[in-house]
Amino acid sequence: MLPLSKEEILMTFVASCVETVAEKLNIPSKEILNRMINVNLIDGYILPCYEVLHSESRENITQDIINCLLNWENLKK
């Protein structure tokens, strides 16, 4: 089996973030992805902070991203 590239690892992490946030909020993952894209959460927070985020527990990551998403959406209003 070939090792994953850095890009594949990052995209897998982003996908898992979308899925866990969607599950926690009981909202379809496609809606969460669109909301994250709308406020630039993936490129503006998740990817640049990957090194710090991925060292946290899944529960902490999920709650942190939910808080960030809601805050960034409120700032965009």
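So here's what we get for this one:
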quantity: Residues (open to solvent by less than 90 Å² (accessible area, probe 1.4 Å) and in contact with a helix residue (DSSP H, G or I) (Cβ under 6 Å, 6 or more places away or on another chain)) located in the range 14-33; calculated: Val14, Cys17, Val18, Thr20, Val21, Ala22, Ser29, Ile32, Leu33
quantity: Any hit, the range 15-31, residues being under 16 Å from Asn71 (Cα atoms), part of a helix (DSSP H, G or I) and not hydrophobic (A, V, I, L, M, F, W, C); calculated: no
quantity: Given (1) of a type outside the set (Asp, Glu); (2) modelled with pLDDT of 95 or more; (3) in a helix (DSSP H, G or I), number of the condition Ile9 does not satisfy; calculated: (2)
quantity: Residues satisfying the stated conditions in the range 34-53, i.e. modelled with pLDDT under 95 and either more than 13 Å from Cys17 (Cβ to Cβ) or open to solvent by 80 Å² or more (accessible area, probe 1.4 Å) (or both); calculated: Glu51, Val52
quantity: Scan of the range 27-39 for residues that are free of Cβ contacts under 8 Å to residues at least 12 places away in the same chain and either under 13 Å from Glu73 (Cα atoms) or among the basic types (Lys, Arg) (or both), ordered by number; calculated: Lys30, Asn34, Ile37
quantity: Filter pass, Lys6 being surrounded by fewer than 16 Cβ atoms within 10 Å (Cβ to Cβ) and over 13 Å from the mean Cα position of the chain (by Cα); calculated: yes
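The values are calculated or read from the model by the stated rules, or taken from the named source; none is laboratory data. Note that this is a predicted model, so its numbers are computed, not measured. All Cβ positions, even for glycine, are placed from backbone atoms using ideal geometry, and neighbour counts span all protein chains on display. Note: accessible area is taken over every heavy atom of the protein model, side chains too, but ligands, DNA and RNA are not part of it. Shrake-Rupley method; radii C 1.70, N 1.55, O 1.52, S 1.80 Å.
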